[in-house]
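The numbers here are math on the coordinates, done by the rules we state, and not lab data. Fair warning: this is a prediction, and the values are worked out from it, not measured in the lab. Cβ atoms come from the backbone with ideal geometry, glycine included; neighbour counts cover every protein chain shown.
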Amino acid sequence: MADTSLDLTLDAAELTARLVDFRSESGDEKPLADAIETALRALGHLRVDRYGNNVVARTELGRAERVILAGHIDTVPIADNVPSRLDEDGVLWGCGTCDMKSGVAVQLRIAATVPAPNRDLTFVFYDNEEVEASRNGLKHVSEAHPDWLAGDFAVLLEPSDGEVEGGCQGTLRVLLRTAGERAHSARSWMGSNAVHAAAPILARLAAYEPRRPVIDGLEYHEGLNAVRISGGVAGNVIPDECVVTVNFRYAPDRSEEEALAHVHEVFADCGVEEFVVDDHSGGALPGLSHPAAAAFVEAVGGTPRPKFGWTDVSRFSALGVPAVNYGPGNPLLAHKRDERVETANILAGEERLRAWLTA
């Protein structure tokens with residue numbers, strides 16, 4: 001029978017390997033959530049709660065400030081890259097090494113080895129981050145038990161190469177449908193080609209000039225791109241429908257309403273028959289001027305960078321908790337078949353957090 005336990009006395013790099021070997025693709029996190037819950041309940045100095053496959057543990061020391069350390073426990077689909085492999089250069093390979101089981105390992109190590117931190121701590125381990133927003137475990141916890149996520153500052157241990165990444169950009173996905181009329185392709189003039197009708201949409205996208213606003217000293221970079229196009233019935237039929245899927249990554253100085261209005265405006269005269277919002281998650285301002293955030297940046301060092309991708313710092317921001325991304329691993333390696341992380345970066349991330357929480 002496979003070992004279903006977690007040994008929190010392992011160092012953070014060894015623990016990362018153990019977590020990677022725990023297969024936990026989105027929707028299949030229960031065995032890992034069970035193991036995390038069991039390991040945390042054994043510590044004694046934490047209050048542990050669970051909601052679905054989401055585990056929340058807290059110190060209750062009466063400190064003046066509460067910090068949340070959060071991370072998702074799911075991965076993208078495995079691509080023949082589990083079990084993990086450690087090479088002679090100290091690089092750990094495998095699905096989730098970078099995104100984000102190395103960050104989860106750091107959380108678990110801090111939970112196990114810092115029983116009396118200088119700030120009260122909340123540890124959040126949640127499921128279904130790598131799939132659509134409606135399934136996101138942190139979203140479910142925030143709706144069912146918002147008090148579990150109360151705090152003064154949050155650190156999301158997403159891969160950031162050991163540098164603080166402030167805020168995150170919003171992401172909006174829309175479906176733009178053009179309509180036509182079917183006809184035999186030998187007599188195309190008897191119909192109307194919906195794929196051809198999509199040309200103004202593609203031209204508008206090709207000509208689009210993205211904004212690059214500076215917020216709290218960080219330069220964000222927006223993007224508006226077609227990510228999918230579908231249309232066609234058969235090799236001898238003029239298509240009567242075409243759908244262009246467009247993704248708008250927008251800077252956090254735009255609200256969700258402003259982002260949606262902007263996309264409507266961009267395509268207002270492009271012959272769009274139907275405009276459907278397929279998915280939408282707002283961004284989060286950097287919040288680096290908040291005292292807790294400033295103290296964290298000073299403690300861990302480095303120069304803060306903007307977060308171009310969307311992360312769950314947005315959910316903390318919506319709850320009124322300023323948050324940053326900070327974790328081991330190069331985000332450019334996330335989701336790749338050759339996903340990997342340098343073990344030295346995992347250990348360094350743990351030590352920096354420990355120093356901040358025990359100074």
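Length gained on full extension, Asp21 to Ala64, computed as 0.36 nm times the residue gap minus the Cα-Cα distance: 11.7 nm. Derived scalar couplings between HN and Hα for the stretch 174-185 equal 10, 10, 10, 9, 10, 10, x, 9, 5, 7, 5, 5 Hz in order, rounded to whole Hz, by the Karplus curve 6.51 cos²θ - 1.76 cosθ + 1.60 (θ = phi - 60°), x for Gly and Pro. Whole-Hz Karplus values for the stretch 316-327 come out as 5, 4, 5, 8, x, 10, x, 8, 10, 9, 7, x Hz, taken residue by residue from phi with 6.51 cos²θ - 1.76 cosθ + 1.60 and θ = phi - 60°; glycine and proline positions read x. What is the spin-label model distance, in nm, from Glu298 to Asp49 if the labels are put 7 Å beyond Cα along the C-beta direction? Distance between label points: 3.2 nm.
Here the calculated FRET efficiency for Thr245 and Thr358, from their Cβ-Cβ distance with R0 = 45 Å, stands at 0.40, rounded to the nearest 0.05. Mind jotting down the distance between the C-alpha centroids of the stretch 52-97 and the stretch 150-201, whole Å? Going from one Cα centre to the other spans 30 Å.
Computed from Cα atoms, the angle from the helix 30-41 axis to the main principal axis of the chain rounds to 30 degrees.
Starting from 0.36 nm per residue, how many nanometres of slack lie between His264 and Ala133 once their C-alpha separation is accounted for?
Working: separation 131, 0.36 × 131 = 47.16 nm, distance 2.19 nm.
Full-extension gain reported as 45.0 nm.
If both residues of a DSSP beta bridge must be in the chain, then about 75% of such bridges are antiparallel.
Across every pair of non-identical alpha carbons in the chain, the mean reciprocal distance, once inverted, gives a Kirkwood radius of 21.8 Å.
Amide H contacts of Val321: none lie under 5 Å away among residues 5 or more positions distant or on a separate chain (H built 1.01 Å from N in the peptide plane; Pro and chain starts excluded).
Model label sites at Asp253 and Ser5, defined 7 Å from Cα along the beta-carbon direction, differ in position by 5.5 nm.
Taking the number of Cβ atoms within 10 Å of each Cβ as an exposure proxy, the fewest-first ranking of Met190, Met100 is Met190, Met100.
Sorted from largest to smallest, which semi-axis lengths in Å does the alpha carbon gyration tensor of the stretch 179-234 give for its equivalent ellipsoid, taking the root of 5 times each eigenvalue?
Numbers: eigenvalues 304, 20, 8 Å².
Equivalent ellipsoid of the stretch 179-234: 39, 10, 6 Å, largest first.
Which value, in debye to the nearest 20, gives the size of the charge dipole of the stretch 170-281 about its Cα centre, when Lys and Arg are +1 and Asp and Glu are -1 at the Cβ?
Here the stretch 170-281 has a charge dipole of around 540 debye.
Relative to the longest principal axis of the Cα atoms of the chain, helix 291-300 runs at roughly 70 degrees. Judged by the mean number of other Cβ atoms found within 10 Å, the most tightly packed of the peptides 206-213, 289-296 leads the ranking 289-296, 206-213. Compactness check for the stretch 1-96: Cα Rg over 2.2 N^0.38 Å is 1.20.
Calculate log10 I(q)/I(0) of the stretch 209-314 for q = 0.13, 0.19, 0.22 Å⁻¹, where I(q) comes from the Debye formula with a single equal point scatterer on each Cα and nothing for solvent. The Debye formula, applied to the Cα set alone, gives -0.62, -1.03, -1.24. Counting 0.36 nm for each residue step from Arg337 to Phe308 and taking away their Cα separation leaves a gain of 8.3 nm. If you fit an axis through the alpha-carbon atoms of helix 343-358 and take the longest principal axis of the Cα set of the chain, what angle between them do you get, 0 to 90°, nearest 10? So the inclination is approximately 60 degrees.
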